[in-house]
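Enquirer: I have a structure here, written as C-alpha cells, and I will follow up with some questions on it.
The values are calculated or read from the model by the stated rules, or taken from the named source; none is laboratory data. For clarity, every value in this text was computed on a predicted model and none was experimentally measured. Note: ideal-geometry Cβ built from the backbone for every residue, glycine included; neighbour counts use all protein chains shown. Ligands, DNA and RNA are stripped out before the accessible areas are found, and what is left, the full protein with its side chains, is counted by its heavy atoms. Shrake-Rupley method; radii C 1.70, N 1.55, O 1.52, S 1.80 Å.
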Amino acid sequence: VAGSDRVVIGAVLSTSAVAYYAPPQSVMGQLYIIPGAVYLTLFPAFSALGSVDRGRMERLYASAFKVLALVMGPIALLLVVFARDGLTLWLGAEFADQSTRVLQVLAVGMFLNTLAWVPSTALQGAGRPDLVAKAFLIEAPLYLGATVALTHQIGIVGTALAWAVRGLADAGLFGVMAWRGLGLAP
C-alpha cells in the first residue's frame, strides 16, 4: 500500500497534483526514523520478555508508548502550527497555498500512526505477526477505496485524510489486538 496514495492522486487528479503532495509526504517519511528506531529496540525486548517476564513487558510497553507520544506529539503539533511558514520558506508561497493543509493532515496522521508502532511491535515480538499481517490484508482494500473516494471528492487533502484515518485505524486495531491477545493495557 506504500506509495499507492501518489498513484491514486496521479490517476484521479493529475501528475501536477502529485507534486504538491509528495514533499509533505516526504517530510513524514523522514520523521518515521524516530518510531523506526524505537521499533528496532523494542522488537528484541518484546521477543525476549513475552514468555519470561510479563510484568516487565507491560512496563516496557507503557513506557515506549508514552515516550513515542511525548516525542512525536510535539513534532506533529509544530508541523500543524507552522506548516504554512515552513512550506513557504522551503518551497515558496504558491506551493504553501496548495500543500499546507496536506502537511497538517499528514502530521496528525503521522502522530496517530506512530501510536500503532508499539502495539504492532509487541504483537510481532510476542510471536503474533500473523495478526499484524491479517490486519494489513483487511485494511489494504478499504484504505485504497477510501483514498480513491476522498481524493476524488476533496483532492490531495482527501488523500492525506485517508492516510490519517488509516493511521488512526492502525493505532486502534493494534492496540485492541495487543490488549486482547497479549493482555497489554491500551
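Enquirer: Return the residues of segment 151-171 that are without any contact (Cβ under 8 Å) to a residue 60 or more places away in the chain, open to solvent by less than 40 Å² (accessible area, probe 1.4 Å) and either within 24 Å of Met57 (Cβ to Cβ) or touching a Gly at 6+ places or on another chain (Cβ under 8 Å) (or both); say none if nothing qualifies.
Expert: If the condition is that a residue be without any contact (Cβ under 8 Å) to a residue 60 or more places away in the chain, open to solvent by less than 40 Å² (accessible area, probe 1.4 Å) and either within 24 Å of Met57 (Cβ to Cβ) or touching a Gly at 6+ places or on another chain (Cβ under 8 Å) (or both), then Ala164, Gly167, Asp170, Ala171 are the ones that fit.
Enquirer: Then there's this: Can you name the number of the only condition in (1) closer than 20 Å to Tyr39 by Cβ; (2) open to solvent by less than 30 Å² (accessible area, probe 1.4 Å); (3) within 14 Å of the chain's Cα centre (by Cα) that Phe136 fails?
Expert: (2)
Enquirer: For Pro74, all conditions in the list (1) more than 24 Å from Gly125 (Cβ to Cβ); (2) open to solvent by less than 90 Å² (accessible area, probe 1.4 Å); (3) of a type outside the set (A, V, I, L, M); (4) touching a helix residue (DSSP H, G or I) at 6+ places or on another chain (Cβ under 9 Å) hold save one; what is the number of the exception?
Expert: Going through (1) more than 24 Å from Gly125 (Cβ to Cβ); (2) open to solvent by less than 90 Å² (accessible area, probe 1.4 Å); (3) of a type outside the set (A, V, I, L, M); (4) touching a helix residue (DSSP H, G or I) at 6+ places or on another chain (Cβ under 9 Å) one by one, Pro74 breaks only (4).
Enquirer: A further question on this structure: Looking at (1) modelled with pLDDT under 90; (2) surrounded by 15 or more Cβ atoms within 10 Å (Cβ to Cβ), which is the one condition that is false for Ala2?
Expert: Unmet for Ala2, out of (1) modelled with pLDDT under 90; (2) surrounded by 15 or more Cβ atoms within 10 Å (Cβ to Cβ): (2).
Enquirer: Are any residues in segment 48-61 surrounded by fewer than 17 Cβ atoms within 10 Å (Cβ to Cβ) and in a helix (DSSP H, G or I), and if so, which ones?
Expert: Answer for segment 48-61, where residues must be surrounded by fewer than 17 Cβ atoms within 10 Å (Cβ to Cβ) and in a helix (DSSP H, G or I): Ala48, Arg54, Gly55, Arg56, Glu58, Arg59.
Enquirer: Further, regarding this structure: Quick one: would you say Phe43 is open to solvent by 60 Å² or more (accessible area, probe 1.4 Å), aromatic (Phe, Trp, Tyr) and closer than 15 Å to Met110 by Cα?
Expert: Here the answer is no, as Phe43 does not meet what is asked.
Enquirer: Where the second residue is surrounded by 16 or more Cβ atoms within 10 Å (Cβ to Cβ) and assigned to a helix (DSSP H, G or I) and the first is free of Cβ contacts under 8 Å to residues at least 24 places away in the same chain and lies in segment 70-92, which pairs have Cβ atoms under 6 Å and are six or more apart or on separate chains?
Expert: Close Cβ pairs satisfying both conditions: Arg84/Ala96; Arg84/Thr100; Thr88/Ala96.
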